[in-house]
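The block underneath contains the structure these notes are about, expressed in structure tokens.
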Amino acid sequence: MKISTLTIATLTAFASYATSAAELEIQLTNLTQGIHFTPILVTAHNGEEHLFELAMPASTALQTMAEGGNLEPLIAQATASSSDIAANPANGLLLPTASTMTTLMTNEGNEYLSLTAMLLPTNDGFVGLDSWKIPTEAGTYTVYLNGYDAGTEANDELIIADSGAPGTPGIPAAPGGDAGTGGAGVSSTQTNTNVHIHPGNLGDDDLTAGTSDLSNTVHRWLNPVAKLTVTVK
């Protein structure tokens, strides 16, 4: 069978499109016992862009999200770089053990997937995925995600209302309503000021005093903190 030049050109163009754009179905599951995820940001982007980078200082946009859950600066950053964006698929907090789903259409050149959301209650902890290469072959892929520390605030583990602004010490909220008060503070300094693996909450068993306002039976966690399932259509 003779294939026309037009047919060859059409097939070539389709193959080029198929390797540079994708339809993704994304599911995120919170694997923790007592940690909530603030509104989630998922982006598909080029190889130069990052929501965060391990062992590098946090950007102001990342700090704003990691200390208070505010996605707006990261969304503005992603929009400016022509990234594809899915924001707040859970319509608020993602509760412990819960899952949320979203779809994302990626455009040409946006071949990497990233994700972030603050972990509550923590001082500046966040769940993160940095520049995962989106597979070109259709199928379902699973990635387990760690909790990271932005390195911008001491992990004092104290609940202080309205402390979510960047540079303001304290944890802005404990959504489960299971935290205490009156803690003296676990730490007042942050020695590693780059983004790094979060050491986890310590907590204690005294919800009216002690060193921490967090419970050592509810708010402690180990990595991984989330399961990401990506279906490439």
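Provide Rg over Rh for the chain; use the alpha carbon set for both Rg and the Kirkwood Rh (inverse mean inverse pair distance).
1.08
Would you list LYS227, LYS133 from fewest to most Cβ contacts within 10 Å?
Placing the least packed residue first, the sequence is LYS133, LYS227.
Could you run the Karplus curve 6.51 cos²θ - 1.76 cosθ + 1.60 with θ = phi - 60° over the stretch 212-218 and give me ³J(HN,Hα) per residue in whole Hz, x for Gly and Pro?
10, 8, 9, 8, 6, 9, 10
Using the alpha-carbon atoms, what tilt in degrees (0 to 90, nearest 10) does helix 5-20 show relative to the longest principal axis of the chain?
Tilt of helix 5-20: around 10 degrees.
Given Cα pairs under 8 Å that are at least 6 residues apart, what percent is the relative contact order of the stretch 22-232?
28
For the stretch 29-95, run through the GluC sites (Glu not before Pro) and keep only the ones in DSSP coil with at most 13 other Cβ atoms within 10 Å of their Cβ.
GLU48
I'd like the Karplus ³J(HN,Hα) series for the stretch 221-228: coefficients 6.51, -1.76, 1.60, θ = phi - 60°, whole numbers in Hz, and an x wherever there's a Gly or Pro.
Here the 3J(HN,Hα) series is 7, 10, 6, x, 9, 8, 10, 10 Hz.
Between THR208 and THR136, what length comes free when the chain is fully extended (0.36 nm per residue of separation minus the Cα-Cα distance, one decimal in nm)?
Gain on extension, THR208 to THR136, equals 20.6 nm.
About its Cα centre, how strong a charge dipole does the stretch 22-232 have in debye, to the nearest 20, once Lys and Arg get +1 and Asp and Glu get -1 at the Cβ?
The calculation lands at about 280 debye.
On a full-extension model of 0.36 nm per residue, what is the gain between THR217 and THR168, subtracting their alpha-carbon distance, rounded to one decimal in nm?
In short, 15.0 nm is gained.
SER187 versus GLU48, label points 7 Å from Cα toward the beta carbon: distance in nm?
According to this spin-label approximation, the distance is 3.5 nm.
Laboratory data are not the source of any read-out in this text; all were calculated from the coordinates shown. This one's a predicted model, so the numbers in the text were calculated from it and none came from an experiment. Using ideal geometry, Cβ is built from the backbone for each residue, glycine included, and neighbour counts are taken over all protein chains shown.
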